[in-house]
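Reading through the structure tokens given below for one structure.
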Amino acid sequence: MAVCAWSEDILQLLRRMNNFYSAGSSRSSCFRFEIEGTQVGWIPPRIATLLTRYPDVFNPPHGGAVSLSHRLDSYTKRSESVDAVLTSLRSLIGESSLSCLKGWRDEKYSVMKRYSDPPVMWMERAATCLFGVRRYGVHVNGYTVSESGEVSMWLARRSLTKQTYPGLLDNVAAGGLAAGVGIKHTLVKECQEEACIPAALAEKARPVTTVSYTYEDDEGVFAETQFVFDLELPLQFKPTVGDGEVQEFYLLPIDKVKELLPTDDFKPNCAMVVLDFLIRHSVIEPDKEPFYQEFVSGLHRTL
């Protein structure tokens with residue numbers, strides 16, 4: 001099978017979104033972030049150095065790991081003590097390695113080894129990349145099927161005022177999982193708030209897979225898992241702008257969506273969610289795509 005430019009571009013997208021696994025990443029020099037002997041993240045060396053300023057909260061690096069003080073023996077103590085440290089770091093001037101804290105959201109994310117495990121603490125969303133803790137979200141593929149069987153997909157254009165990836169193409173609805181909030185509740189809420197999809201319709205969305213990846217950039221380590229849902233929307237239904245996080249919605253033929261995936265116009269992790277849709281719906285087939293196996297494995301990487 002001949003390799004086309006589109007396939008090469010998609011492969012590069014997946015490698016970029018999984019660059020923490022690459023040979024040139026900082027993974028070998030990162031410290032494990034451990035709570036009660038269980039690893040829940042990865043801390044870059046520069047962050048580990050900053051944390052030594054707070055010996056009442058963080059033990060100094062030992063055996064390749066940074067852990068919390070043993071006196072922090074409860075969910076509440078850990079959460080409040082770490083949050084106090086982050087608030088302190090946020091106030092520092094000239095800490096170029098902490099640019100992520102400029103996007104402080106006052107959103108609590110749960111910290112745990114696996115989603116099914118009881119959370120050991122919560123952490124401010126903007127700070128999670130400093131500790132490489134896994135973040136979870138919900139993404140919805142909104143699509144239609146014509147009477148002749150042609151599939152089209154609804155895409156959202158992110159608002160220009162969004163903190164991250166302003167103006168880029170997104171799934172019809174998506175959102176992070178806040179501490180203590182369930183997956184289905186988040187799905188229905190995001191569908192209503194972002195796209196004005198009624199709850200009765202949003203609840204018909206089917207859970208189909210998860211998409212997981214880990215990448216690093218100048219801000220830190222981003223370990224993320226998205227719970228993916230497919231929602232077939234009625235042909236006569238049109239999503240409308242709700243809470244202002246979206247500026248416009250487009251209904252595009254699936255071949256056009258495929259064409260747009262590797263471009264700079266698409267939010268990268270949303271492109272991955274759509275790529276998974278294309279594979280599951282046989283738009284991309286193993287007999288025709290030389291990187292089929294690489295695509296599948298690149299969508300489902302876990303530490």
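The values are calculated or read from the model by the stated rules, or taken from the named source; none is laboratory data. Values in this document were obtained by computation on a predicted structure and should not be read as measured data. FYI the Cβ positions are ideal-geometry reconstructions off the backbone, even for glycines, and counts take in every protein chain you see.
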query = Scanning the range 143-165 for residues that are touching a residue at least 60 places away in the same chain (Cβ under 8 Å) and among the small types (Gly, Ala, Ser), which turns out farthest from residue 277 (Cα to Cα)?
reply = 159
request  = Assess whether residue 111 counts as being outside the structural domain of residue 179 (by TED's automatic domain parsing) and touching a Phe, Trp or Tyr at 6+ places or on another chain (Cβ under 7 Å).
outcome  = yes
task = Determine if the range 152-165 includes at least one residue that is at pLDDT below 95, of a type outside the set (Val, Ile, Thr), under 19 Å from the mean Cα position of the chain (by Cα) and at positive phi.
result = yes
inquiry  = Quick check on residue 107: is it within 16 Å of the chain's Cα centre (by Cα) and in contact (Cβ under 8 Å) with a residue 40 or more places away in the chain?
reply    = yes
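Filter the range 52-83 down to the residues that are aliphatic (A, V, I, L, M) and more than 25 Å from the chain's Cα centre (by Cα), then identify the one that is farthest from residue 216 (Cα to Cα). Steps first, answer last, please.
Taking the range 52-83 as the starting set, the residues that turn out to be aliphatic (A, V, I, L, M) are 57, 65-66, 68, 72, 82.
Then drop every residue that is not more than 25 Å from the chain's Cα centre (by Cα), which leaves 57, 68, 72.
On the way: 57: 25, 68: 23, 72: 29 Å.
For the range 52-83, the residue satisfying everything is 72.
Identify all residues within the range 62-85 that are touching a helix residue (DSSP H, G or I) at 6+ places or on another chain (Cβ under 7 Å) and more than 17 Å from residue 31 (Cβ to Cβ); write none if there are none.
Taking the range 62-85 first, the residues touching a helix residue (DSSP H, G or I) at 6+ places or on another chain (Cβ under 7 Å) are 66, 68, 72.
The answer is 72, and nothing else.
Table: residues versus (1) under 22 Å from residue 144 (Cβ atoms); (2) in contact (Cβ under 8 Å) with a residue 40 or more places away in the chain.
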{"residue": "224", "(1), (2)": "no, yes"}
{"residue": "236", "(1), (2)": "yes, no"}
{"residue": "244", "(1), (2)": "no, yes"}
{"residue": "250", "(1), (2)": "yes, yes"}
{"residue": "279", "(1), (2)": "yes, no"}
{"residue": "295", "(1), (2)": "no, yes"}
{"residue": "299", "(1), (2)": "no, yes"}
ask   = So which strands (runs of 3 or more DSSP E) are wholly in the range 117-172 and hold at least 2 residues that are of a type in the set (Lys, Arg) and within 30 Å of residue 74 (Cβ to Cβ)?
value = 134-145
remark   = Out of (1) more than 30 Å from residue 233 (Cβ to Cβ); (2) touching a helix residue (DSSP H, G or I) at 6+ places or on another chain (Cβ under 7 Å), the one residue 152 does not meet is (1)
